[in-house]
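None of the figures in this text is laboratory data; all of them are computed from the coordinates on show. Note that the coordinates shown come from a computational prediction; the quantities given were computed from them, not determined experimentally. In this analysis, Cβ positions are derived from the backbone assuming ideal geometry, glycine residues included, and neighbour counts consider all displayed protein chains.
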Amino acid sequence: IAMVTSVIRPLASQLRRQLVRVAKSHRISPVRTCNLTACSSKFVLSQMHPMWQEPLAVPGGDRQSPIDIAVRKSVFDSKLKPLITDYDPKTCQQIWNNGYSFLVEYDDTTDKSTLKGGPLEDKFRLCQFHFHWGECNSWGSEHTVDRKLFPAELHLVHWNADKYSLFEEAVVEDNGLAVLGVFLKIGKRHEGLQKLVDALPTIRHKGSVVEFTKFDPACLLPPNIDNYWTYHGSLTTPPLTESVTWIVMKQHIEVSHDQLAVFRSLLFTAAEEEVQKSMVNNFRETQPLRGRTVRSSFTPFLKDSGLDEVKEHSH
Ligand SMILES: [Zn+2]
């Protein structure tokens with residue numbers, strides 16, 4: 001990583017991203033080979049995404065993500081500050097089908113789109129957002145709340161621009177990343193999301209990239225971003241590095257069934273592949289908490305405003 005970083009630093013961001021993708025896809029990190037029980041989902045091998053089929057480099061740590069958030073075990077922390085998002089839609093550049101999800105990518109060469117506050121001491125730059133979703137509306141999220149699954153989950157990925165100079169550097173470092181998670185529920189059509197949904201048919205196949213500009217990621221946040229859970233965890237896709245401060249919103253957003261159906265019309269596969277596979281169930285299973293504490297910015301037992309109900313769920 002360090003070598004790649006030093007070589008590509010002077011290049012323009014577009015080219016840089018291309019190179020990093022190539023470097024990432026060929027990277028060998030012989031830390032620990034993942035056993036299938038640790039990394040696999042509830043789906044059988046034949047249905048598993050190729051990303052999880054290769055021998056995986058897992059950091060082997062105690063801080064893996066996603067997790068189940070047990071509401072009553074989360075600890076209210078009065079020192080947690082409100083989050084400050086400052087996003088410039090002009091930094092939005094392109095939308096990319098990476099064969100596992102679709103990524104809306106932002107120019108992160110300057111401090112124009114940032115996240116501060118909350119549990120964070122530094123300023124973090126937005127580099128991309130993406131979603132995870134299921135084949136039907138009964139599952140699809142990565143995090144769960146009292147074992148309750150949501151049909152989809154949004155991840156806004158930021159890296160620590162106070163401590164590091166590139167995403168690729170931050171991703172392997174402690175306190176390198178901050179990911180904002182938002183649950184999606186089925187309900188009303190989401191007007192902000194629709195511009196994105198309209199672009200998806202142009203990136204159906206793996207590897208497709210199209211220009212996508214002026215999209216304000218703030219439109220995908222719930223009305224109240226002051227109520228959240230936070231914990232230390234990892235990326236949920238390889239390289240699974242434990243560099244992430246997770247900030248999971250208590251409030252969800254609503255999207256229509258039809259909008260999520262367009263997500264499901266994307267493909268894991270490239271145009272030239274013989275057997276095409278729908279892009280669904282692109283989430284990782286919840287991982288053990290292993291002694292970590294989930295902190296909340298709100299007191300779980302007080303009566304909440306109607307919007308952010310998280311219903312008790314017997315399992
Ligand atoms: Zn994600």
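Considering only residues in the stretch 213-244 that are in contact with a Phe, Trp or Tyr (Cβ under 8 Å, 6 or more places away or on another chain) and of a type in the set (Val, Ile, Thr), the one that is farthest from the ligand (Cβ to nearest atom) turns out to be THR230. When you check SER165 against the structure, is it among the hydroxyl-bearing types (Ser, Thr, Tyr), within 22 Å of ILE84 (Cα to Cα) and either touching a Phe, Trp or Tyr at 6+ places or on another chain (Cβ under 8 Å) or within 16 Å of the ligand (Cβ to nearest atom) (or both), yes or no? Judged against the criteria, SER165 is not a match. Considering only the stretch 214-232, I want to know if a residue exists there that is farther than 12 Å from SER65 by Cα, free of Cβ contacts under 8 Å to residues at least 60 places away in the same chain and of a type in the set (D, E, K, R). So far as the stretch 214-232 goes, no, none of its residues is farther than 12 Å from SER65 by Cα, free of Cβ contacts under 8 Å to residues at least 60 places away in the same chain and of a type in the set (D, E, K, R).
Yes or no, residue by residue, for (1) among the small types (Gly, Ala, Ser); (2) closer than 18 Å to HIS143 by Cα; (3) assigned to a loop (DSSP other than H, G, I, E, B):
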{"position": "ASP258", "(1), (2), (3)": "no, no, no"}
{"position": "VAL262", "(1), (2), (3)": "no, no, no"}
{"position": "VAL275", "(1), (2), (3)": "no, no, yes"}
{"position": "GLU285", "(1), (2), (3)": "no, yes, yes"}
{"position": "PRO288", "(1), (2), (3)": "no, yes, yes"}
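Each residue in the stretch 146-160 was checked for being more than 16 Å from the ligand (Cβ to nearest atom) and either surrounded by fewer than 22 Cβ atoms within 10 Å (Cβ to Cβ) or among the charged types (D, E, K, R) (or both), and 3 of them qualify. The set of residues in the stretch 114-139 being away from the ligand (no atom under 16 Å from the Cβ) and either of a type in the set (S, T, N, Q) or closer than 20 Å to ILE225 by Cα (or both) consists of THR114, LYS116, GLY117, GLY118, PRO119, LEU120, GLU121, ASP122, LYS123, ARG125, ASN137, SER138.
Evaluate the stretch 191-203: report whether one residue or more is farther than 19 Å from ILE95 by Cβ, more than 19 Å from the chain's Cα centre (by Cα) and surrounded by fewer than 16 Cβ atoms within 10 Å (Cβ to Cβ). So far as the stretch 191-203 goes, no, none of its residues is farther than 19 Å from ILE95 by Cβ, more than 19 Å from the chain's Cα centre (by Cα) and surrounded by fewer than 16 Cβ atoms within 10 Å (Cβ to Cβ). Determine, yes or no, whether ILE253 is of a type in the set (A, V, I, L, M) and within 15 Å of GLU142 (Cβ to Cβ). Answer is no for this residue. For the stretch 90-113, the set of residues classified as surrounded by fewer than 21 Cβ atoms within 10 Å (Cβ to Cβ) and away from the ligand (no atom under 15 Å from the Cβ) consists of LYS90, GLN93, GLN94, ASP107, THR109, THR110, ASP111, LYS112, listed by residue number.
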